[in-house]
Amino acid sequence: MGRKTVLSLVAVLVLGGTLRAQEPSQADSLRREIQRLTARIDSLERLVRRLAGEQRDTTAAGDELTALRAAAAAAGGGAAADTSTRRSEREQAQFVDRSRNLNQLNPEISVTGDVRLNATSGQLAGDNVDVREFEFSFQSALDPYSNTKIFAAVGEEGIEIEEAYAYWTGLPGNLRLDIGRFRQQLGELNRWHAHALPQSEFPLVLGRFFGEEGLVGDGVGLYWIAPFGGGAWGAHELWGQATLANNEALFQGGNRVALLGHLNNFWQLSRSTFVQVGGTAIYGENPDSALKTRVFGLDARITWRPPDRALYRNFTVRGEGYRVTHEVAGTPTTRTGAYASAEYQLTRRLFAGARYDYVESSGVDGEHEWAIVPNLTWWQSEWVYLRAEWQRASVPVAVGLVERSNRFVLQAVWAIGPHKHELF
């Protein structure tokens with residue numbers, strides 16, 4: 001053999017021996033790495049189980065565990081990691097809280113306080129603080145189909161249930177059903193609660209015709225919104241209510257059923273201006289006094305609120321007029337009354353407003369009473385507002401003789417809870 005051939009054989013033998021020596025070394029190193037990673041995985045699994053038992057966050061450990069599994073799979077061809085993954089999935093427990101949140105069983109509770117300080121011309125100082133009411137509001141969803149609202153007022157005369165009704169929405173035909181005691185859909189402001197009014201009291205016409213607190217009924221009501229309309233055609237709503245005719249001012253405390261219908265129409269004139277016009281009709285009887293009562297009313301409102309300045313500018317003009325006929329033993333007596341008001345937002349928190357009232361007198365034929373009520377309202381925050389108001393009134397006491405008065409009112413209203421300062 002030549003010298004080159006011998007050298008080649010020697011090199012092959014040496015290289016082959018070296019490679020055979022390296023193969024066990026690499027296998028041992030790989031085996032040790034897998035064992036190290038497996039031990040660390042087992043340690044992390046024990047840590048995860050302990051943290052899960054204590055209801056702690058296991059996200060970080062889980063992420064590290066996933067990374068280690070991937071490293072083990074890459075080092076060992078995936079077999080060891082797959083085995084560990086299956087074992088870990090069997091051993092790890094999933095903790096799911098299936099208990100219902102107890103807060104969901106509780107109603108949403110809000111409380112509103114309404115206190116007034118007043119001074120009247122010609123009267124001695126005394127009894128100038130009027131803690132009108134503290135209103136408690138309870139609202140809740142009863143189930144997926146119905147809800148309830150309850151308003152209880154605590155005042156100087158005790159506790160009064162102002163409203164308490166359940167209502168069902170999403171009924172066939174776009175209907176909503178109300179059952180219970182509720183402020184009736186008479187015009188616009190009768191539906192509002194006293195603390196939400198743009199003035200400290202209801203308009204004179206509502207107090208004279210329907211009672212100091214307005215028209216409240218016990219019964220059932222249906223609400224329907226027309227499926228047609230939109231755009232220039234506007235939106236149209238219809239209410240029908242059947243309640244006990246026990247309003248003292250309107251029916252002299254009867255117990256028959258009175259019927260009310262109200263139609264409301266809404267049009268968006270521009271991005272910043274909308275108008276609504278409504279009409280109301282009521283009929284009820286009281287056989288004990290041979291009384292039949294009919295009411296017809298109209299209401300209108302126009303509001304300007306520029307979208308880009310909605311927090312700072314708002315101007316609203318509204319008015320309502322009513323014609324009430326009491327027929328006793330076939331003899332009718334008719335009275336009319338109305339009001340007009342305006343509110344303008346001066347700044348984000350400051351509002352100026354005024355209202356004019358007119359009502360035909362019930363005690364003096366051919367005479368009427370009127371009132372002018374300007375005010376200034378400052379919203380200290382979304383929870384509190386303060387109001388200063390002047391009430392100039394003229395009340396007939398005899399034909400050709402009137403009694404005029406001036407009354408100054410400072411009002412403070414505050415509220416807590418999720419439904420603070422809601423209109424109704």
Could you work out the Rg to Rh ratio of the range 124-206, with Rh taken as the Kirkwood radius (inverse of the mean 1/r over all Cα pairs)?
1.07
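Mind giving me the FRET efficiency for residue 111 and residue 333? R0 is 41 Å, r the Cβ-Cβ distance, nearest 0.05 is fine. Can you show the working numbers first?
Details: r = 43 Å, r/R0 = 1.04.
That gives a FRET efficiency of 0.45.
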Mean separation of Cα contacts under 8 Å (6+ apart) over length of the range 107-416, as relative contact order %:
13 percent
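Taking neighbour Cβ counts within 10 Å as the exposure measure, how do 376, 215 sort from fewest upward?
376, 215
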Against the empirical 2.2 N^0.38 Å scaling, what ratio does the C-alpha Rg of the range 107-416 come to?
1.04
How many angstrom separate the Cα center of the range 197-236 from the Cα center of the range 331-351?
14 Å
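Ranking 41, 282 by Cβ neighbours within 10 Å, fewest first, what do you get? Walk me through the intermediate numbers first.
Values: 41 22, 282 26.
Fewest-to-most Cβ neighbours within 10 Å comes out as 41, 282.
Each reported figure results from applying straightforward, stated rules to the coordinates on display, with no laboratory input. Since the model is a prediction, treat every value here as computed from it, not as a measurement. So basically every Cβ, Gly included, is an ideal-geometry build from the backbone, and we count neighbours across all protein chains shown.
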